[in-house]
Amino acid sequence: LNLINCRPPENDLASPEGQEALEACRLGFEQELTELYRLGVRTLVPLGAKPTAALGIDGSIHKVRGSVYDVHVAGLQFWAIPTFHPSFIIRGEWAEEPTVINDIEKASNIALNGYTPPEERFELFPTVRDVELRCRDYVKKRKLIAVDTETTALAYYEAEVFVMAFAESGEDALSIPFYSQGFKPYWHNGDLIRVKNAVADVLEKCPTMYQNANFDISVLEHNGFYVGNPAHDTILMQHAYHPELPKNLGYIVSVHGMTQYWKDIKLSFPIMCQTPDKVLRTYNCRDSVVLHQVKPSLLNELEETGTSHIYYDYSLKLIRPTLELTYNGMKLDKGRLAKWKKELENELSEIESKLYALANLPPEFSFQSPHHLSYLFYGELPGSLGKWKAELESYDEADSRKKKNTKKYSELSTKVDLYFKIKPLAKSKSKTKRNKTGFAKDAQALLLVRLAANTELELISKYRSASAIAAHKERIVDLKKLIEVLKIFEKRQATAKMLSTYTSFPTDIDGHVHPSYYVYGTSTGRLSSAEPNFQNIPSEAKRVFVPEKGNAFVQGDFSNLEVRVMAYEFGDEVLEKMFLEGKNIHDENTKVMFGITPDHPHWKHIRRAAKVFVFGRSYGGGVRGIYERVCADVPEVNLTMEQFRKADNKYFDAHPALRDGFAKAAATARDTRCCTTATGRKRFFLGTFDEIEREGINTPIQGAAGDIANESLIDVYAECQKHENWKMAATVHDSIVIECPISEINLCAKALKSIMEKPRHLWNRDVVFPADIEVSTTSWADMESYEEWKRKAKRSRKPKA
């Protein structure tokens, strides 16, 4: 139906004319619904925000869609399930397509089978006896208990449990408060110990279920409770069967549950301890009962998509290993950190001094100012310059309020004069996008400027006559200066980022940094981490992480894991032969792509470029994107696009199986919108065709590699449980770090290598992925090969003559 049967000016329902039309047409809208009701319609699907509001449903369409509402129109009762308008999808929001389909399927099911809103049988103000009796019943019957906590902080080692909820069904929940509004203790006269004992019994002996088990379990265990292995985690179910979809609880319930959207309660009361007790505890109980509501549907999705084994064999089993990594963390050496920070500050100062000299910049110039950078790199003056000049001219000594000897006049004058002191660099012919502050000045935009300048220089160098080149002499000088400034500026940005991101780490009282690890953090199945993100930590930053006194780091790192997976996945016998012969893959690629040998003066840089290229290809990148990445990561090479294309062709001429395999994988992903890895992990793509093709190549490689690394992590955790003094310290992509006593390095190294190199049956054959073992007794950055460490240790034990 339409709310109105005419088009308001500019199709704007919010206009006065639109509002008038809505009011005038309301009677007809109600008459149409009345006729539908007479024909037996009881379920409505309002498409978009306006129809949803017309039925009396308040809230953003992004939040209320998928929920079931009891609406009354013209004295008649309907069930309404709002969803997005199809035009919203067609205009480019294709990622929402499955959401709309799910919403309509939900409405169809309600229309055919009816709907009974879930009851909320919540015990919100329990006595100590209430808690003990309910918990005793849970344990006796070994009920599956959904657990949710409301905490005072997000870092587990700082958080207290304010209130928690146990749900035994989709309607029944027990609230267990530890504090009341205003941070007042809820239990008195020894009752707290009785409550904690009852709660501990349930958490240890009953199967439990969570939405993000890693968070709730880490908080609970920090607060003195031991939690048995969780039976289910709804966020991991969602991730296993469809990793592209949102994983927040509100969304999961909107698709698989029956409770109306309730998460805005926290927005109404942003400070938890000030939230009324009934409101907060009801919210907390809903967070727990809905887990029971969504579980059957999520398990059914896992069965239908054939991804149950991903959930049970990988996701659930990774909870304990990732928690262990978080609990242990790595020790931060504050002395090393302070020293490194000073080094970075000095390095940044030196780089900026070089830039000031090279570009003849006045001291007032700031590399943090987008206006200053716009003028330097693009010659673009700020739009406010005219206004500043006019204000300067308005100063008059006769006016006591406009005297020129004031601080304000001096600052304004300096701001204006700066643009007459700077000489902008040569403009390149790059097609740079504009944003709100003018031309884009991010790393990619300035890289494009540098590449365009490189290309222009290359074209000038191809002029046949010396006179033609001489005519461009001044342009050549300017372009070379632009390129040099940009290269140094890129170093400045990298150093500044290092200084701002990796010289301040949150630590617990034990002096360790405890990053959080996420099993659901990537669509390919690889782990992610945060606070800090160890997955992206640069090698320079590793120097500040050290083992405890008397301990060492033992690290296992898969050798070229993704390249090996790529070879097996796409049947590249050339690569497989290189592996068997023990050749260095990146050395061989450098020789093939660029036709040089290790004695070439720029071998080191060109080899690095070849390495970036191969990883870019394995991520499904296109020629242009990988070229830009190579130029950004290895600016010393100074490749032109033409040179890079030739190298790209040489690579695929040497590896025809990859060329064919990539093309088939991209076509399959595009045609089916689905990709399955060697381990059976699946992705259902929602993006554009370009994105789908790229991910269709990347996912079989990165997804299988991720599961190989994940399986090793699970096995390493089990091994560490057998050794009292072994601790899992970190994992970064394809590497696992264990901290152990120096006296147990040999035992640990052998165990780690054995676990990581165990045969795996994939691609219809048994394959082994080699792992390099490294050791350090000083810092994470000082890792050396295990064999080299053994040789040094042997020499140090030799008696002196």
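Per residue, the accessible area of the chain comes to 48 Å² when a 1.4 Å probe rolls over the protein heavy atoms. A straight chain from N584 to K794 at 0.36 nm per residue would run longer than the Cα-Cα distance by 72.8 nm.
Here the range 154-312 is assigned +1 on the Cβ of each Lys and Arg and -1 on the Cβ of each Asp and Glu. Its dipole about the Cα centre then comes out at about 440 debye. Under the rule of at least 5 residues apart or a separate chain, name every residue whose amide H is placed under 5 Å from the amide H of D572. For D572, whose amide H was placed from the backbone, there are no distant partners under 5 Å. Over the chain, dividing the summed -39,500 (n - 2.57) contributions of all DSSP H runs of at least 4 residues by the number of residues returns a 222 nm mean residue ellipticity of -16500 deg cm²/dmol.
Between E17 and E221, what is the label-point separation in nm under the 7 Å Cα-to-beta-carbon projection? The answer from the label model is 6.5 nm. Near R336: Cβ cut-off under 14 Å, other residues only, Lys/Arg at +1 and Asp/Glu at -1. The net charge is +3.
The slack in the chain from V623 to K266, taken as 0.36 nm per residue of separation less the alpha-carbon distance, amounts to 123.9 nm.
Which chymotrypsin sites (Phe, Trp or Tyr not before Pro) does the range 90-126 hold that lie in a coil by DSSP with at most 13 other beta carbons within 10 Å? Kindly include the intermediate steps, with their values, before the conclusion.
On the way: sites: W94, Y115, F122; in loops: Y115.
Those that pass, being in a loop and sparsely packed, number zero.
A Förster radius of 51 Å, combined with the Cβ-Cβ distance separating Q181 from E576, puts the computed FRET efficiency at roughly 0.20.
Counting only C-alpha contacts under 8 Å and six or more residues apart, can you give the relative contact order of the chain as a whole percent?
Relative contact order, the chain: 11 percent.
Mind scanning K63/K140; K140/K295; K140/K753; K415/K441; K141/K317; K577/K604 and naming the pairs with a C-alpha gap bigger than 32 Å? In this structure, K63/K140; K140/K753 exceed 32 Å between Cα atoms.
Carbon and sulfur together cover what percent of the accessible area of the chain at a 1.4 Å probe radius?
For the chain, the apolar C and S fraction of the accessible surface comes to 51 percent.
First check a/c for the range 538-683, with a ≥ b ≥ c the square roots of the eigenvalues of its C-alpha gyration tensor; if it is under 1.5, answer rounded, and if not, answer prolate when a/b is larger than b/c or oblate otherwise. Verdict is oblate for the range 538-683. Give, as ranges by residue number, the residues of the range 474-498 whose backbone N falls under 19 Å from the point 7 Å along Cα→Cβ of L358. Flagged as within label range: 475-498. Only beta bridges with both residues in the range 24-124 are counted; by DSSP, about 60 percent of them are antiparallel. Annotation: the antiparallel percentage among DSSP beta bridges lying fully within the chain is about 85.
For Y518, nonlocal amide neighbours, meaning residues 5 or more places apart or on other chains whose placed amide H falls under 5 Å from its own, are S528, S529.
With the simple model of a label 7 Å out from the Cα in the direction of the Cβ, N536 to N764 spans 4.1 nm.
If you add up the charges near R434, with Lys and Arg at +1 and Asp and Glu at -1, over every other residue whose beta carbon is less than 14 angstrom from its beta carbon, what do you get?
+2
Along the range 510-520 the Karplus relation, 6.51 cos²θ - 1.76 cosθ + 1.60 evaluated at θ = phi - 60°, assigns HN-Hα couplings of 7, x, 9, 8, 10, x, 8, 10, 10, 5, 9 Hz to successive residues, with x for each Gly and Pro. Each residue of the range 663-670 is assigned a 3J(HN,Hα), and the resulting list reads 5, 5, 5, 5, 5, 5, 5, 5 Hz, derived from the Karplus form 6.51 cos²θ - 1.76 cosθ + 1.60 (θ = phi - 60°), x at Gly and Pro. Going through the cross-link list K549/K758; K407/K487; K334/K727; K497/K650, which pairs have a Cα-Cα distance over 26 Å in this structure? Violating the 26 Å limit, Cα to Cα: K549/K758; K407/K487; K497/K650. In order along the range 441-450, phi translates into HN-Hα couplings of 10, 6, 4, 5, 4, 6, 5, 4, 4, 5 Hz, rounded to whole numbers, per the Karplus curve 6.51 cos²θ - 1.76 cosθ + 1.60 with θ = phi - 60° and x for Gly and Pro. A crude spin-label estimate for the pair S410 and T688, with each label 7 Å from Cα along the Cβ direction, gives 5.2 nm. Is the range 512-582 rounded, prolate or oblate when judged by the Cα gyration tensor, a ≥ b ≥ c being the square roots of its eigenvalues, rounded requiring a/c under 1.5 and prolate requiring a/b larger than b/c? Because a/c hits 1.5 or more and a/b fails to exceed b/c, the range 512-582 counts as oblate. Near L527: Cβ cut-off under 14 Å, other residues only, Lys/Arg at +1 and Asp/Glu at -1. The net charge is 0.
Which loop-located chymotrypsin sites (Phe, Trp or Tyr not before Pro) does the range 223-259 contain, where loop means any DSSP state but H, G, I, E or B and the Cβ has at most 16 other Cβ atoms within 10 Å?
Numbers: sites: F225, Y226, Y241, Y251; in loops: F225, Y226.
The qualifying sites are Y226.
Close amide H partners of G257, meaning residues 5 or more places away or on another chain with modelled amide H under 5 Å apart, do not exist here. If r is the Cβ-Cβ distance from A494 to V279 and R0 is 41 Å, what FRET efficiency results, to the nearest 0.05? After rounding to 0.05, the efficiency reads 0.30.
The values are calculated or read from the model by the stated rules, or taken from the named source; none is laboratory data. It should be emphasised that the depicted structure is a prediction, and the values quoted were computed from it without experimental measurement. When we count neighbours, we look across all protein chains shown, and the Cβ atoms used for this are built from the backbone with ideal geometry, even at glycine. Just so you know, the surface numbers come from the protein's heavy atoms only, side chains and all, with ligands and any DNA or RNA stripped out. Shrake-Rupley method; radii C 1.70, N 1.55, O 1.52, S 1.80 Å.
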